[in-house]
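The values are calculated or read from the model by the stated rules, or taken from the named source; none is laboratory data. This is a predicted model, so every value here is computed, not measured. Here the Cβ positions follow ideal geometry from the backbone for every residue, glycine too, while neighbour counts run over all protein chains shown.
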């Protein structure tokens, strides 16, 4: 992919290489998608075209192609070291995929999410057309099931994802790096949100919630922990985490805040605390005394100072107000 901060558009057509269209196409596809083996039915007469848009992190390809069989072997995967995913959208013709022992067929109006970190076979018939969308960032929900995941894109959020990719592709000449990267970031988040909503990632909402709760329990008192840093550490988007926690009736910020005030209460409740209230606030992850005092009183119904006094009198203040 291009260097950071750049946006490139490349239009390729086998008519530029009339003496060896198959070789031209193989070189072009490998440059964009890594090592592959190709099987052409009629190499001298092969015809195909692409419009490739890419930045350092994203790539959108609009392709037209005669019938072709692609194979990515385990050796290819090891050589490429690409651990991300690629999303195919069918526009015309049928796309067949075989990965992890699962065979799926993608009709026009459907999409399929494919892992680039495992061996793959793909075949399409004459004059197929579609888009591909891939992200350099390898992070994805850890609970995503193995094998191709087919999605219908004819309505709802799926249709929004398809329309956005279509629009980004159509506007390839008028976009700059910022517009392309910003659009693709949104597409990526919507795509995974759509997969969660459609159940294409079984039990992922529960898995996300559990992973976030475990992470906050272990790191919530670190002052630099934020919803964004948690999403980055766990490999999900902020939006995906929001969806999972919203179903559970909470938010990432609320989990962090609860973890911190609970830790502060434990420190304040020690029989002979040697730390000041300010020390306890900072040790619990709060950066502001005002924020600490407001959060603590909202949770326990007393101020930190009152809580310390009650603890010294042997009164348990830790039941939420």
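Select from segment 163-176 the residues that are within 20 Å of the chain's Cα centre (by Cα) and touching a residue at least 24 places away in the same chain (Cβ under 8 Å) and write down the one among them that is farthest from residue 11 (Cα to Cα). The residue in question is 164. The one condition from (1) over 16 Å from residue 63 (Cα atoms); (2) surrounded by fewer than 16 Cβ atoms within 10 Å (Cβ to Cβ) that residue 11 does not meet is (1). Exactly one residue among 118, 91 is modelled with pLDDT of 80 or more and in a strand (DSSP E or B), and that residue is 91. For residue 23, indicate whether it is assigned by TED's automatic domain parsing to the domain that holds residue 171, surrounded by 14 or more Cβ atoms within 10 Å (Cβ to Cβ) and on the phi > 0 side of the Ramachandran plot. Considered against the rule, which asks whether it is assigned by TED's automatic domain parsing to the domain that holds residue 171, surrounded by 14 or more Cβ atoms within 10 Å (Cβ to Cβ) and on the phi > 0 side of the Ramachandran plot, residue 23 comes out as no. Can you name the residue in segment 88-108 that is surrounded by fewer than 21 Cβ atoms within 10 Å (Cβ to Cβ) and under 22 Å from the mean Cα position of the chain (by Cα) and, of all such residues, is farthest from residue 67 (Cα to Cα)? Going through the qualifying residues, I end up with 100. Scanning segment 278-321 for residues that are within 20 Å of residue 224 (Cα to Cα) and either surrounded by 15 or more Cβ atoms within 10 Å (Cβ to Cβ) or within 36 Å of the chain's Cα centre (by Cα) (or both) yields a total of 17.
On the basis of being buried (at least 16 other Cβ atoms within 10 Å of the Cβ), touching a helix residue (DSSP H, G or I) at 6+ places or on another chain (Cβ under 8 Å) and either without any contact (Cβ under 8 Å) to a residue 60 or more places away in the chain or not assigned by TED's automatic domain parsing to the domain that holds residue 168 (or both), does residue 111 make the cut?
In short, yes.
Within the bounds of segment 135-153, is there any residue that is assigned by TED's automatic domain parsing to the domain that holds residue 90, modelled with pLDDT of 80 or more, assigned to a loop (DSSP other than H, G, I, E, B) and within 14 Å of residue 194 (Cβ to Cβ)? Yes, because at least one residue in segment 135-153 is assigned by TED's automatic domain parsing to the domain that holds residue 90, modelled with pLDDT of 80 or more, assigned to a loop (DSSP other than H, G, I, E, B) and within 14 Å of residue 194 (Cβ to Cβ). Inside segment 26-48, residues that are exposed (fewer than 15 other Cβ atoms within 10 Å of the Cβ), touching a strand residue (DSSP E or B) at 6+ places or on another chain (Cβ under 8 Å) and in a helix (DSSP H, G or I) make up a count of 0. All conditions in (1) farther than 28 Å from residue 209 by Cβ; (2) modelled with pLDDT under 90 hold for residue 72, with the sole exception of (2). Evaluation of residue 104 against the conditions (1) more than 30 Å from residue 228 (Cβ to Cβ); (2) part of a loop (DSSP other than H, G, I, E, B); (3) modelled with pLDDT under 90 shows that the sole unmet condition is (2).
For residues that are modelled with pLDDT under 95 and in contact with a strand residue (DSSP E or B) (Cβ under 7 Å, 6 or more places away or on another chain), scanning just segment 174-193, find the one that is surrounded by the most Cβ atoms within 10 Å (Cβ to Cβ). Going through the qualifying residues, I end up with 191. Checked against the criterion of being touching a helix residue (DSSP H, G or I) at 6+ places or on another chain (Cβ under 8 Å), in contact (Cβ under 8 Å) with a residue 40 or more places away in the chain and over 23 Å from residue 85 (Cβ atoms), the candidates 5, 67 yield just one match: 5.
Residue by residue, here is whether (1) within 14 Å of the chain's Cα centre (by Cα); (2) modelled with pLDDT under 85; (3) not in a loop (DSSP other than H, G, I, E, B) holds:
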site	(1), (2), (3)
209	no, yes, yes
215	no, no, yes
230	yes, no, yes
239	yes, yes, yes
245	no, no, yes
249	no, no, no
257	no, no, yes
264	no, no, yes
